[in-house]
Amino acid sequence: MTDAVKQENSATDSRALIRRLAKTYLKPYVPTLSISVGLMVIAAAMTGAMAKLMEPVIDDVFTAQDESMLWPVAIAVFLTFAIRGIATYFHSILLSKVSQRIVADIQNDLFSHIMSLDMGFFQELKTGQLLSRMTSDATVMRSSVTETLLGVFKNSITLVILVAVMFYQDWKLALIALVIFPIVAGLVVKLGRKLRHVSSSAQSQLGDLATDLTQAFQGVRHVKAYGMVDYEKSRINNTVERIYKLTFKGLRTSALTTPISEILSGLAIVTIIIYGGFQVIAGESTAGQLFSFITAFMLAYEPMKRLAKLNTIMQVGLSAADRIFNVLDTKPKIIDYKEAHEMRADSYTITLDNISFVYPDGTEALHNVNIEVPEGKTVALVGPSGSGKSTIINLIPRFYDVDKGAIKIGDTDIRDITLDSLRKNMALVSQEVTIFNDTVLDNIKYGTPDATVEDVIKAAKDAAAHEFIEGLPDGYNTVVGEQGIKLSGGQRQRVAIARAMLRNAPILLLDEATSALDNQSERLVQNALDRLQEGRTTLVVAHRLSTIINADMIYVLKDGEVVEKGKHQKLLLQKKSVYSKLYGVEFQEI
């Protein structure tokens with residue numbers, strides 16, 4: 001692709017991004033923006049008046065020494081400054097409000113959209129990149145939108161009015177002076193495109209840095225235990241160094257606008273002084289007219305410089321907007337079907353009818369699987385690691401959709417049920433417990449926000465969690481830290497079970513809920529799980545077979561297929577069965 005084509009594509013992309021930002025996010029604030037622009041016109045008109053007033057100051061007051069003009073001109077100058085100051089204050093406040101509101105709207109839309117995307121999206125994009133979109137890119141956009149909205153309107157209006165004053169004073173000098181404007185503009189646009197590419201690379205590296213830092217901080221225990229502190233230092237240092245080089249390159253590119261515009265403006269001023277000076281000497285113009293023209297040019301030079309800098313700021317902002325819109329344009333694959341309805345199952349029996357599933361990366365996880373979980377019964381899934389057990393758990397709430405066959409609740413395909421109502425009828429307890437940096441009370445209420453304190457305490461008692469919660473510094477109001485760091489593994493699991501009990505959903509999904517616990521914690525958690533399962537349709541993925549001995553039915557999976565099924569005793573008596581081997585291995589480990 002040639003440079004000309006790349007530049008054309010870049011310009012087209014920029015125009016498309018600006019149109020999208022204006023149509024989607026700026027449009028609701030047009031009334032406020034209109035008032036602000038009106039105030040800008042007033043401020044810009046006062047700037048033009050200041051330049052025009054230099055003519056009577058020089059000709060009438062200083063040259064002609066007309067005392068009668070002294071006070072009127074002085075008062076006019078003061079009023080000009082006062083009106084410009086007041087108008088500038090109010091238009092700045094209004095525009096700042098609009099720009100900040102636009103970025104806040106984008107952040108809210110971005111988070112809402114990200115949370116609507118399916119699990120496959122979160123597996124493909126690094127957490128650090130998502131954090132970078134929500135924070136770093138949004139911050140860049142906040143600065144860019146504020147400065148661009150404020151600067152483009154204000155400086156453009158001011159520039160137009162001052163150029164009009166220049167033409168009014170001397171159209172020939174104005175044409176000479178304006179030669180530099182398109183030259184500067186062309187160079188600035190070219191530098192802006194280069195800066196946008198550099199900025200995009202730097203922001204991508206910031207996303208990688210966020211990912212690496214998150215992993216290092218969360219895994220600091222293992223980093224130290226395995227003597228990898230120097231390795232992590234080196235990895236972070238390398239990323240920081242790349243960000244430094246890209247950022248410095250961007251600053252160097254941006255700084256080029258200043259010497260270019262200064263040199264060209266200096267040439268214009270010299271030309272104006274020489275040409276205008278000859279006119280004054282020849283009597284074709286007055287000193288006041290020339291001084292007024294030079295004042296107008298000098299005042300116009302400032303908004304011209306700011307507009308040049310704004311282009312670089314805008315390009316950085318557009319680069320951030322491009323990355324944000326790329327996420328916003330990602331379509332969720334798991335959505336409500338057009339004819340989907342609220343869940344109204346007469347039966348909560350779960351049926352996996354000849355299902356097959358392949359992950360987005362091409363890994364075949366399940367092949368022609370048939371499983372039934374009768375209403376109110378407990379069915380367990382066992383098998384070697386990678387046999388597809390957790391995949392089944394992920395398919396039932398439609399974190400993914402099957403590629404073949406159907407999953408039904410009662411007689412209804414879950415794809416014909418709205419996602420919200422489907423998931424409201426389920427509770428999930430997994431090995432990877434999610435505890436939020438909030439109080440114990442709010443962690444248990446998560447998913448059931450209208451629950452009373454009494455309901456929470458009852459759920460905690462049923463989950464064998466009430467006693468240890470009462471022993472915390474602030475009881476149920478204790479903030480447990482990020483990922484519940486102030487709680488032990490068993491305590492976190494019991495909080496998660498209390499959360500599921502409070503939800504009181506008819507369908508319960510347990511994904512290796514006791515696999516990471518010690519024996520004492522496992523007994524407490526298992527007793528709580530037994531109470532939780534009562535009367536519920538329960539599907540259990542078991543790591544320790546001793547926990548599912550009393551299951552109503554056990555399905556044994558291997559390589560994504562059901563190879564055995566039956567109750568514990570029946571499967572155990574089958575010679576050379578996969579289940580008996582798994583049970584034997586566990587017994588030997590004990």
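Computed extension gain for Leu175 through Ser385, at 0.36 nm per residue and net of the alpha carbon distance, reaches 67.8 nm. Share of pairwise Cα-Cα distances greater than 38 Å in the chain is 53 percent (whole percent).
Scan the chain and report its longest stretch carrying no trypsin sites (Lys or Arg not before Pro) that are both in a DSSP loop and have at most 15 other Cβ atoms within 10 Å. Longest run free of exposed loop sites: 1-332. Once backbone amide H atoms are built at 1.01 Å from N, Asp118 has Lys333, Ile334 as its partners under 5 Å, excluding neighbours fewer than 5 places away on the same chain. Charge dipole of the chain (Cα centre as origin; +1 on each Lys and Arg Cβ, -1 on each Asp and Glu Cβ, all else neutral): 800 debye, rounded to the nearest 20. So what's the net charge close to Asn237: Lys and Arg +1, Asp and Glu -1, counting the other residues with Cβ under 12 Å from its Cβ? Net of charged neighbours comes to -1. In the chain, helical runs assigned H by DSSP with n ≥ 4 each contribute -39500 (n - 2.57); averaged across all residues and rounded to the nearest 500, the mean residue ellipticity at 222 nm is -21000 deg cm²/dmol. Between the helical axis of 257-281 and the dominant principal axis of the chain, each derived from Cα atoms, what acute angle in degrees is found, rounded to the nearest 10? Tilt of helix 257-281: around 20 degrees.
Straight-line reach from Lys27: taking Cα to Cα under 18 Å and skipping same-chain neighbours fewer than 8 places apart, the lysines in range are Lys97.
Between the range 424-440 and the range 316-378, the alpha-carbon centres lie 20 Å apart.
Exposed loop sites, defined as GluC sites (Glu not before Pro) outside DSSP H, G, I, E and B with at most 12 other Cβ atoms within 10 Å, are absent from the longest region of the chain, namely 1-283. Using C-alpha pairs under 8 Å with a sequence gap of at least 6, the mean separation divided by the residue count of the chain gives a relative contact order of 14 percent.
Simple spin-label estimate for Asp559 and Thr452 gives 5.7 nm between the two label positions (7 Å along the Cα-to-Cβ direction from each Cα).
Taking other residues whose beta carbon is less than 9 angstrom from the beta carbon of Gly151, and scoring Lys, Arg as +1 and Asp, Glu as -1, yields +2.
Computed from point charges on the beta carbon alone (+1 for Lys and Arg, -1 for Asp and Glu), the dipole magnitude for the range 14-67 about its Cα centre is near 1160 Debye. Average accessible surface for the chain: 52 Å² per residue, computed with a 1.4 Å probe over protein heavy atoms with every protein chain in place. Hey, any idea what % of the chain's accessible area is carbon plus sulfur with a 1.4 Å probe? Heavy-atom surface of the chain belonging to carbon and sulfur, 1.4 Å probe: 58 percent. Projecting the Cα atoms of Ser34, Pro56, Leu428 onto the charge dipole of the chain, computed from C-beta unit charges around the Cα centre, puts Pro56 farthest toward the positive end.
Count Lys and Arg as plus one, Asp and Glu as minus one, and take only other residues whose Cβ is under 10 Å from that of Asp346; the net charge is then -1. Rounded to the nearest Hz, the phi-derived 3J(HN,Hα) couplings of the range 421-430 under the Karplus curve 6.51 cos²θ - 1.76 cosθ + 1.60 (θ = phi - 60°) are 6, 4, 6, 5, 9, 10, 10, 10, 10, 10, where x marks glycine and proline. The label-point distance for Thr63 and Ile93, in a model that sets each label 7 Å from Cα toward Cβ, rounds to 4.3 nm.
The values are calculated or read from the model by the stated rules, or taken from the named source; none is laboratory data. All of these numbers come straight from a predicted model, not from anything done at the bench. Ideal geometry is used to build each Cβ from the backbone, glycine not excepted, and the neighbour counts take in all protein chains shown. We work out accessible area using only protein heavy atoms, side chains counted, and drop any ligands, DNA or RNA first. Shrake-Rupley method; radii C 1.70, N 1.55, O 1.52, S 1.80 Å.
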